[in-house]
1. Scan segment 12-22 and tell me whether some residue there is closer than 30 Å to ALA63 by Cβ and either surrounded by fewer than 10 Cβ atoms within 10 Å (Cβ to Cβ) or in contact with a helix residue (DSSP H, G or I) (Cβ under 8 Å, 6 or more places away or on another chain) (or both).
2. Just one of SER35, SER65 is modelled with pLDDT of 85 or more and under 17 Å from the mean Cα position of the chain (by Cα); which is it?
3. Are there any pairs with C-beta distances below 6 angstrom linking a residue in segment 57-75 that is under 17 Å from ASP45 (Cβ atoms) to a residue that is surrounded by 10 or more Cβ atoms within 10 Å (Cβ to Cβ) and acidic (Asp, Glu), with the two at least 6 apart or on different chains, and if so which?
4. From the list GLN51, GLN71, exactly one residue is under 18 Å from the mean Cα position of the chain (by Cα) and of a type outside the set (A, V, I, L, M). Which is it?
5. Name the strands (runs of 3 or more DSSP E) wholly inside segment 1-68 in which the number of residues that are aliphatic (A, V, I, L, M) and on the phi < 0 side of the Ramachandran plot is 3 or more.
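The values are calculated or read from the model by the stated rules, or taken from the named source; none is laboratory data. Just so we're clear, the structure is a prediction, and the values are computed from it rather than from any experiment. Note that each Cβ is placed from the backbone with ideal geometry, even for glycine, and that neighbours are counted across all protein chains shown.
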Amino acid sequence: MNTAKIFWLGHTQAVQLPKQYQLDATEVRIRRQGSAVILEPITNDWDWLNQVQGVVDADFIRAASERPAEQDRPQLDDLQ
């Protein structure tokens, strides 16, 4: 079993990952599952979906990336 060193940087705990566990990402999601802490890289592409569903076509990517136009709703201005 491989191990990693845990150390403190100021008031933050950090883990030094061995080379074979280094992530190709600048940010990770973190969650607990029982006593385990799981780090998952955050990606900006859909490649991970190929493993789950199969190849994603261009129409799906375009629809998932679409941003609706901003709405002008003056009746809600006072709620901010």
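1. No.
2. Testing whether each residue is modelled with pLDDT of 85 or more and under 17 Å from the mean Cα position of the chain (by Cα) leaves just SER65.
3. If the second residue must be surrounded by 10 or more Cβ atoms within 10 Å (Cβ to Cβ) and acidic (Asp, Glu), no pairs are left.
4. Answer to the check: GLN51.
5. 36-41
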